[in-house]
Amino acid sequence: MIGWWRGAGVRVRSTVAATGLLAVLVVSGAFVGLAVVRHALTTADAETGLLQARLVRLAVTPEALDRGDVGEQLRSVVGADADRGSHVQVVRADGRVVVSSVALQGQPALTGLRPGEAGVERETADLPQLDGSAPWVVTVLGAEVDDQRFWVVAAESTQDAERVLRVAAALLAVGTPVLLGAIAVATWTFVGRSLRPVEAIRSTVQGITATGLDGRVPVPAGDDEVSRLAVTMNSMLARLEASQRSQRRFVADASHELRSPVATLRAAAHVWRGQVDPEFADLVASESGRLEGLVGDLLLLARADEGRLVPATPAEVDLDEVVEAEAVRARTLGGDRPGGAALRVQVTTVPARVRGDAGALARSVRNLVDNATRHAGQLVELSVAREPGPDGPVAVVSVADDGPGVPEADRERVLERFVRLDESRQRGAGGTGLGLAIVAEVVAAHGGTVRVGERPGGGACVRLTLPLDDGLDDGLDDGLDDGLDDGVGEGGQPPSAASR
């Protein structure tokens, strides 16, 4: 129960709390109210009986008590000749009934109560000798005439009071659920309207991502807590946007400014090769190449952060030809792997054409192939397939190797920037931790997904899923369009390989 209450929303909790509290108040008030009404009606019946008893006491004479000579006045007041709705007895000190109303004639005294002179005692009792199933209020008034003690007994039915109570209880039984339902609906409606600005803020914030902090939450009218919350959140988003813009500008500017010095270092290493120690020249050339690759990766990620990876007019890209070209390159470079181990590259493709940036897509495939080549034992498998997707057919590019694979706990993390697993941290591995992050950014910009999994038989398998353009399916045999970027990075150098 506590878990359900904590998990329920503010709207549900407010409605349940308001309805439950009102139910407790209404039910408690109903019981108290019915008890008060019952007491008031019973008291009224008792007062009516007392008044009747006093009227009868004034009409009692010594002759009636002494010789039983009941006069016409007493008989009339008691109702001994005609039923007047009241039931009265006059009882002597010896317990004999002197006179009684029509319904009680021949009956003994209704009660054994015997108060003193001018004293009054009451009790509520069932009187089967009288008609009616409701209890009766019996009032006994003590009196004395010429030193002769007597008592006037008056009985008043509570049937009318019980009828009123039943009607009141029925009205409460019908009205209480209606009232509680109305309160529940009103509370649900009003709380919902009050939370509507909060829901609008929540949905807006949910749509704001790290790549687009320019969104702002709606500010409701007024100067309440919700409007102040919206103003505070907009102020926070503005600060985050400014900080992000400054960071992106720094990365882009720094990467751009580093390209020229790095190119100069590589050129100098080439010129110095015959004039200085060849090992030193090779070291400078190698490290400057790594640095140039890192600068290119940073520039590409900066464009990704700014949403400029896909051009305004995307080109047609044949993924099968891109993959086949990378397979040829992988076979050519397979003999240069550490240790000189032979590498087999298997390719299985079907025609698959998409729209996007040809260079960026080729670079993504190259990053995956370089990554697989570096970690493979003896085999790299490349494939392009067409599969049905939730929103239409998709192209699936798979790059697998028979290496150590990626632990399941790291398969999401490895797509983040500057993430390298322990076995890839060696300097000689050549990875910067940006290769797979670039793949994820490029594929996401093209409306696709990246999934790192396990290759059947052991090893790693990375699957790229990209939406196919059905309008281009008829031209799948036309070959690649002009200008397909063969994965060459900026400055005429190959892009850096992915690191796993």
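For the reader, a short list of remarks on this structure follows.
- Contacts under 8 angstrom Cβ, first residue in segment 61-83 being at pLDDT below 80 and outside any helix (DSSP H, G or I), partner of a type in the set (A, V, I, L, M) and open to solvent by less than 30 Å² (accessible area, probe 1.4 Å), 6 or more apart: 68/98
- Residue 169 vs. criteria touching a residue at least 40 places away in the same chain (Cβ under 8 Å), farther than 14 Å from residue 104 by Cβ and among the small types (Gly, Ala, Ser): yes
- Total residues in segment 146-163, condition β-branched (Val, Ile, Thr) and at pLDDT 90 or above: 2
- Meets criteria (at pLDDT below 85, surrounded by 14 or more Cβ atoms within 10 Å (Cβ to Cβ) and assigned to a helix (DSSP H, G or I)) for residue 57: no
- Restricting segment 212-233 to residues that are open to solvent by less than 60 Å² (accessible area, probe 1.4 Å), at pLDDT 75 or above and of a type in the set (A, V, I, L, M), the residue that is nearest to residue 444 (Cα to Cα) is 217.
- If you go through segment 438-465 and pick out every residue that is over 32 Å from the mean Cα position of the chain (by Cα) and open to solvent by less than 20 Å² (accessible area, probe 1.4 Å), you end up with 7.
- Subset of segment 412-443 [assigned to a helix (DSSP H, G or I) and modelled with pLDDT of 60 or more]: 413, 414, 415, 435, 436, 437, 438, 439, 440, 441, 442, 443
- Qualifying residues in segment 185-211 (those that are hydroxyl-bearing (Ser, Thr, Tyr) and open to solvent by 60 Å² or more (accessible area, probe 1.4 Å)) - the one modelled with the lowest pLDDT: 211
- Residue 470 vs. criteria out of contact with any Asp or Glu (no Cβ under 6 Å at 6 or more places or on another chain), modelled with pLDDT of 50 or more and within 21 Å of residue 315 (Cα to Cα): yes
- Any chance residue 45 is charged (D, E, K, R), over 60 Å from the mean Cα position of the chain (by Cα) and either at pLDDT below 90 or open to solvent by 30 Å² or more (accessible area, probe 1.4 Å) (or both): no
- When restricted to residues that are assigned to a loop (DSSP other than H, G, I, E, B) and under 16 Å from residue 110 (Cα atoms), segment 135-157 contains 1.
- Members of segment 14-42 found to be open to solvent by less than 70 Å² (accessible area, probe 1.4 Å) and either over 51 Å from the mean Cα position of the chain (by Cα) or not aliphatic (A, V, I, L, M) (or both), listed by number: 14, 15, 19, 20, 28, 29, 33, 40, 41, 42
- Count of segment 247-262 residues which are open to solvent by less than 60 Å² (accessible area, probe 1.4 Å) and either charged (D, E, K, R) or modelled with pLDDT of 65 or more (or both): 2
- Sole exception among (1) touching a residue at least 60 places away in the same chain (Cβ under 8 Å); (2) open to solvent by 50 Å² or more (accessible area, probe 1.4 Å) for residue 93, by number: (1)
- In segment 134-167, the qualifying residues are those that are of a type in the set (S, T, N, Q) and more than 60 Å from the chain's Cα centre (by Cα), and the one that is surrounded by the fewest Cβ atoms within 10 Å (Cβ to Cβ) is 148.
- Scan of segment 168-184 for residues that are open to solvent by 50 Å² or more (accessible area, probe 1.4 Å) and either touching a Leu at 6+ places or on another chain (Cβ under 6 Å) or polar (S, T, N, Q) (or both), ordered by number: 183
The values are calculated or read from the model by the stated rules, or taken from the named source; none is laboratory data. If you're wondering where the values come from, they're calculated on a predicted model, not measured in any experiment. For neighbour counting, all protein chains shown are included, and Cβ atoms are generated from backbone atoms with ideal geometry for every residue, glycine included. Each accessible area value is taken on the protein alone, full model and side chains, heavy atoms only, with ligands, DNA and RNA left out. Shrake-Rupley method; radii C 1.70, N 1.55, O 1.52, S 1.80 Å.
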